[in-house]
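Below: the structure, in structure tokens.
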Amino acid sequence: TAGFLPHVVGESVGRSLYYVTYELLKRSWGNFKANGYRYDDGAAVVSWKGDSSCSTTFISLQERMVCAAMSGIFCWATIFPLDSLRSRMYAAVAEQQQQHQPSLRRTLLIDTIRTMQRERSFYRGFWVTVLRAGPVAAAVLPVYDLTLETLSSHCPQ
């Protein structure tokens, strides 16, 4: 269907960026704290050093939320043009169906890109999305993390 290619690319790249950035930020923060920053009780973060040794540092829920918010903002800032393109393609197909016109899906992607370039609308609504992305990610990713840790602690190795 129309918008499938931008959807697949946006979701696969976007989700990869989302989780990888979150993990990298958590581990970087854990390394920062392990090298002299005072820390309180929190969840363990395992950070790997170049000599294959492993150190464990604890980061709090609030620190996880900051890492998650930054990850969400970075992810949406990266994939926003693809998401805009996908939305416009879906809208174009819906409009064609409403007007009972035959759909020209072969040229829809190219036509939509050209229209969006002409209108300079790849980033329309960007700030609203980015402002929403931080709080959403700050709520979702730490809950995922804590759930995974809880389930892992109850499962025998």
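The values are calculated or read from the model by the stated rules, or taken from the named source; none is laboratory data. Note that the coordinates shown come from a computational prediction; the quantities given were computed from them, not determined experimentally. Using ideal geometry, Cβ is built from the backbone for each residue, glycine included, and neighbour counts are taken over all protein chains shown. These area figures cover heavy atoms from the full protein model, side chains too; ligands, DNA and RNA do not enter into them. Shrake-Rupley method; radii C 1.70, N 1.55, O 1.52, S 1.80 Å.
Brief remarks on what is shown
- Some residue of the range 52-61 being modelled with pLDDT of 80 or more, open to solvent by 60 Å² or more (accessible area, probe 1.4 Å) and either small (Gly, Ala, Ser) or more than 24 Å from residue 129 (Cβ to Cβ) (or both): yes
- Looking only at the range 106-149, and only at residues there that are among the hydroxyl-bearing types (Ser, Thr, Tyr) and modelled with pLDDT under 85, the one that is surrounded by the fewest Cβ atoms within 10 Å (Cβ to Cβ): 107
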